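A quick write-up on the structure given underneath.
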Amino acid sequence: MVSTEQKALLERVRALGERAGVFGAIRVGECLEGEAVGSGKPARYRVEFEGDGVWVGLVMEDRWLSESIEAELMHTGDKIEELLDEELADQGFEGGPLAVEHFRSEDMLFTFRSRVPAPTPEGVARCLLAYEACFRQLGDMSAEEGV
């Protein structure tokens, strides 16, 4: 269960995310989830709490969507951390480069995620927007370009 402070952070991030206009519906519950717009298969950007940390990420149920992202990175030789770092800089995030974890979660979601250092609502929103800008360009996350 999220605390009052965590809920307030999620609500502020939601407001900033809605203002950016790059997500579909944004929902806040135990975490924040914003629908990926234009993706070949359903995917959601997420802000969640784990342990004493705040994490931003991208989750999807479809294995092929996840593999399309991996394949593009392998084909181009790009490192996801470097691509994300460029988008973080564009967003004005000053928390340094973020490590990106990629795994299949216990609830069977293919997950890319990063821990946000010193999470303020504005910093978390910048990381979430950087995730969206970074991943929107990869694999089948942009169905209209891939079809």
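A short reminder: the numbers here are calculations on the coordinates, not readings from a lab. As the structure is a prediction and not an experimental result, all values here were calculated from the model. No Cβ is skipped: glycine too gets one built from the backbone with ideal geometry, and neighbour counts run over all protein chains shown.
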Length gained, Ser105-Asp90, 0.36 nm per residue minus C-alpha separation, equals 2.5 nm
PRE zone check, label point 7 Å out along Cα-to-Cβ of Asp78, amide N under 18 Å, scope the stretch 97-137, hits 97-102, 112-114, 127-137
Most fluctuating of Asp90, Asp62, Asp52 in the GNM of the chain (C-alpha, under 10 Å) is Asp52
A correct fewest-to-most ranking of Ile69, Ile26 by other Cβ atoms within 10 Å would be Ile26, Ile69
Between the modelled labels at Arg27 and Glu67 (7 Å from Cα along Cα→Cβ) the distance in nm is 2.8
What helix-only [θ] at 222 nm does the chain give? Using -39500 (n - 2.57) per DSSP H run of at least 4, over all residues, to the nearest 500, the answer is -13000 deg cm²/dmol
